[in-house]
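Every read-out reported here was derived from the displayed coordinates using simple, explicitly stated rules and does not represent laboratory data. Note that the coordinates shown come from a computational prediction; the quantities given were computed from them, not determined experimentally. Neighbour counts run over all protein chains shown; Cβ positions are idealised from the backbone, glycine included.
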Amino acid sequence: MTMIQTQPQEPTLRESRNTSEDAVTFVTRDVTVHYGAKKALDNVSLDINKNDVTALIGPSGCGKSTYLRCLNRMNDIIPGCRVSGRILLDGEDVYAKSMDVVHLRARVGMVFQKPNPFPKSIYENVAYGPRIHGIARDRAHLDGIVFTSLEKAGLLGEVKDRLHEPGTSLSGGQQQRLCIARAIAVQPEVILMDEPCSALDPIATAKIEELMDELRINYSIVIVTHSMQQAARVSQRTSFFHLGVIVETGETEQIFTNPIDRRTQDYITGRFG
Amino acid sequence: MSVTILIATLLVLTAIGFWLGRARAVATASGGAGRLNSLPGYYGYYVAIWCGLPALLLVLLWLAIEPQVIRALVVHSLPASARDLDPARLGLLLNDVRNLATGGFVAGSVDAGVQAAAERYALLKAIGLAAMTVAALALAIAGLTYARRRIRPDFRARARVEATVRIALIACSAVAIITTVGIVLSLIFEAGRFFARISPIEFLLGLEWSPQIALRADQVGAAGLFGAVPLFVGTLLISVIAMCVAMPVGLLAAIYTAEYAHPRARAIIKPILEILAGVPTVVYGFFAALTVAPFFRNLGEGVGLQISSESALAAGIVMGVMIIPFVSSLSDDIITAVPQSMREGSYGLGGTQSETIRKVILPAALPGIVGGFLLAISRAIGETMIVVMAAGLAANLTANPLDAVTTVTVQVVTLLVGDQEFDSPKTLAAFALGLVLFCVTLVLNVIALHVVNRYREQYE
């Protein structure tokens, strides 16, 4: 595709361009989403850098989850949802007719707000993705994938003696790490996390945040969060969403110490939201 | 004064009681005695309850007991020769007495003793009614006065009324339970009488069913054999055929409506499926007997198979069609109840819709679906009309679906239809069969509900 060579369009004014030479995973331009007659996102443009944690913050209903779900086309399963604009993953149009959603979602994994392990064993939960994508050559290879994924999700030590117990028997934090292991098992490029810690206690949250920092070495991560502290702790770049538009995007440090827009400042200092 | 008028009077008194109680509560409150503890209406209800409830209960109790008392008194007054009659004859005689007293027809001539008894009966009846009227009205007025006296602003009428409502609700639910217990007890006692004549082992393990009992020594085909195994096998055979139709079709229909169908299509398809459940079983019955069974017979002739025109196959298939909406609607509810997060989890990993359903949704919903199947089986086993019309009466011990078989329910119907004496093993056998049927469906329902509940706990 020729898109790879073309420079991304000029960033919008609000978007203070990252100065480092990071490669870009997702390029999104003028993304607009309607749920029926209601406009949920209005002309959002944003770049997601490779091997960064990008945090999307903003008050409830501002469109940050909607934006996240555009990236792996999870909005497809919502009736009455229409997406327009361009979303490019490594230069490939995510919404092109030729794009196979199954492959897209293998490349862009997702972790949800509430841990949602399948009603299967821990092993089968992790093996689910490799099985449906036919990744494993044989049983030994599959075992290897499952172990590595659990290892990377920092869960192997806790579960290696009970791989065949149901995934639902784990604690909430362990379940969420199981879901992360499940996402890693299909070897994605990007992991989308939709408020992954909102149902967890502080200790489990700390573990997941630590994990995100390790995972960033191999994957790009986009995280939606309501916790400003979490965004500040884990992310390199932050976008502030408000009423369906991006108010401000920048390096996390700059957003939290020296925001350009008044609304960003009001939000991060807790004046609204 | 007849009982109807008495009850109407009591209701009027109750209404007056409500009004008086309410008025008094308002009056005491405005008389400066302080704020009412409850709304004025509660004081009204309190008085009404005291006025109406005891009196109505008295009337009910009286009506239940009076006939026995009068009967005993009348029998006591009969001449000694009549008192020594056997119970059945005595019953007939008392019937005469009652008819004579109420001016009805009496068979044959009336002797003086019966005439006297009839007069006595009429007199006792009149006294009883008068006594009951007086007692009930007195009780109502006494209750009204008592309750009205107790009204003070600090009297907690609301608590009393709520307690009464609670008791009334408990009584209503007790009716359902007591009825069930009554039915079960009557089944057990009648079945017990049957098993006193035919051994349970012969009944449960015998291979031949021929419940006619010979009236003459040389009668043909009336062996009086009560081996119920052919009936159990027939029931099982038809149920299995029915489930073979209902399970796949119902489940797949449920998967379509729950997962694939557009909301608009679902809004049309689900009600149509549920209309199937509203078709009276008798209609399915003649559909089976007049359309499906001849179709299979002709089909069989075409390929050189002997298919009886009353075949287990026809009855089973039609019964399966009848159960489809049952299975599909239960399964649909259970599939829809699987949390959306399971689907998202699978889609998020790149699962296609059919992979998601096969590998995530169905395993998650399986316990509930199995519970639904068990409930459907217990319906199939208890279903009567279709098999009466389409399965036949021949108690063949066969596993061949092309033969005529008979089921437990069909035999219960044929044993009890028409003029029957109620103490022959033939009619009593119906109760034994009913008991077996009841036990089987009870066990199936208990297991099914247990399975469904366990599944529900998992996701709430």
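For segment B:368-428, state the average projected area of the convex hull of the C-alpha atoms over all orientations, rounded to one decimal in nm². Walk me through the numbers before you get to the answer.
Numbers: hull surface 22.8 nm².
Averaged projected hull area, Cα only: 5.7 nm².
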Discussion item. I'd like the FRET efficiency for A:HIS34 and A:ASP201, computed as 1/(1 + (r/R0)^6) with the beta carbon distance as r and R0 of 35 Å, rounded to 0.05.
Written reply: 0.40
Worksheet entry | Leading residue at positive end of dipole, the protein assembly as shown (Cβ point charges), from A:PRO166, B:ALA163, B:ILE183 | B:ALA163
Worksheet item: Counting pairs of Cα atoms in the protein assembly as shown, how many percent are more than 33 Å apart?
Response: 70 percent
Worksheet item: Residue farthest toward the positive end of the dipole of the protein assembly as shown, with Cβ of Lys/Arg at +1 and Asp/Glu at -1: which of A:VAL126, B:LEU56, A:VAL234?
Response: B:LEU56
Fill in: segment B:4-63-segment B:391-427 distance, computed between alpha-carbon centres (Å)
57 Å
Practice prompt. Determine, at each q value in 0.20, 0.26 (inverse angstroms), the log₁₀ of I(q)/I(0) that the Debye formula gives when each Cα of segment A:22-93 is one equal point scatterer.
Written response: -0.84, -1.31
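Provide a whole-number value for the mean count of partner chain Cβ atoms within 10 Å of the Cβ atoms in peptide B:336-346.
Taking the mean over all residues of the peptide, I get 4.
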Worksheet entry | Point-charge dipole on Cβ atoms (K/R +1, D/E -1) for the protein assembly as shown, about Cα centre, debye to 20 | 2480 debye
Response to the item:
Quick calc of log₁₀ I(q)/I(0), segment B:210-459, Debye, one scatterer on every Cα, no solvent, q values 0.08, 0.11 1/Å, result -0.39, -0.68
Discussion item. Multiplying the sequence separation of B:ARG83 and B:ALA399 by 0.36 nm and subtracting their Cα-Cα distance, what value in nm do you get?
Written reply: 107.9 nm
Worksheet item: Can you give the mean number of other chain Cβ atoms that lie within 10 Å of the Cβ atoms in peptide A:101-110?
Response: 3
Worksheet item: Taking the Cα centre of segment B:3-155 as the origin and placing charges on Cβ (Lys, Arg +1; Asp, Glu -1), which of B:LEU90, B:ALA138, B:PHE18 is farthest toward the positive end of the dipole?
Response: B:PHE18
Fill in: For a label point 7 Å along the Cα-to-beta-carbon line of A:HIS226, residues of segment A:255-272 with backbone N under 17 Å
A:267-272
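Expressed as a rounded percentage, what relative contact order does segment B:147-275 have, with Cα pairs under 8 Å and six or more residues apart? Before the final figure, lay out the partial values.
Details: 63 pairs, mean separation 17.1, N = 129.
The normalised contact order for segment B:147-275 reaches 13 percent.
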Item to complete: Go from 0 up to the bin containing the longest alpha carbon distance in segment A:206-247, width 5 Å each, and give me the % of pairs per bin.
Response: 5, 19, 30, 24, 11, 8, 2
Worksheet item: How would you rank B:PHE232, B:PHE189, going from fewest to most other Cβ atoms within 10 Å of each one's own Cβ?
Response: B:PHE189, B:PHE232
Worksheet item: In a GNM of chain A with a 10 Å cut-off on Cα contacts, which of A:LEU56, A:LEU211, A:LEU150 has the highest mean-square fluctuation?
Response: A:LEU211
Item to complete: Please state the charge dipole magnitude for segment B:3-155, taken about the Cα centre, from unit charges on C-beta atoms (+1 on K and R, -1 on D and E), reported in debye and rounded to the nearest 20.
Response: 880 debye
Discussion item. If you consider only alpha-carbon coordinates, what radius of gyration and Dmax does segment B:53-182 have, in Å?
Written reply: 21.8, 70
Worksheet item: Mean shadow of chain B, computed from the convex hull of its alpha carbons, in nm²?
Response: 36.4 nm²
Discussion item. Show me the helices of chain B, taken as full DSSP H stretches, that run 15 Å or more along their long axis by Cα and average 0.5 or above in Kyte-Doolittle hydropathy.
Written reply: B:3-28, B:40-77, B:112-149, B:157-197, B:229-255, B:263-278, B:312-337, B:362-382, B:425-459
Worksheet entry | Simple Cβ-charge dipole of segment B:210-459, Lys/Arg +1 and Asp/Glu -1, about Cα centre, in debye nearest 20 | 580 debye
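Considering the convex hull of the alpha carbon atoms of segment B:9-109, report its projected area averaged over all viewing directions, in nm², one decimal. Walk me through the numbers before you get to the answer.
On the way: hull surface 40.3 nm².
Averaging across all directions leaves 10.1 nm² for the Cα convex hull.
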Item to complete: Could you tell me what fraction of 2.2 N^0.38 Å the Cα radius of gyration of segment B:331-407 comes to, as a two-decimal ratio?
Response: 1.73
Practice prompt. Take the Cα radius of gyration of chain A and divide it by 2.2 N^0.38 Å, with N its residue count; two decimals is plenty.
Written response: 1.00
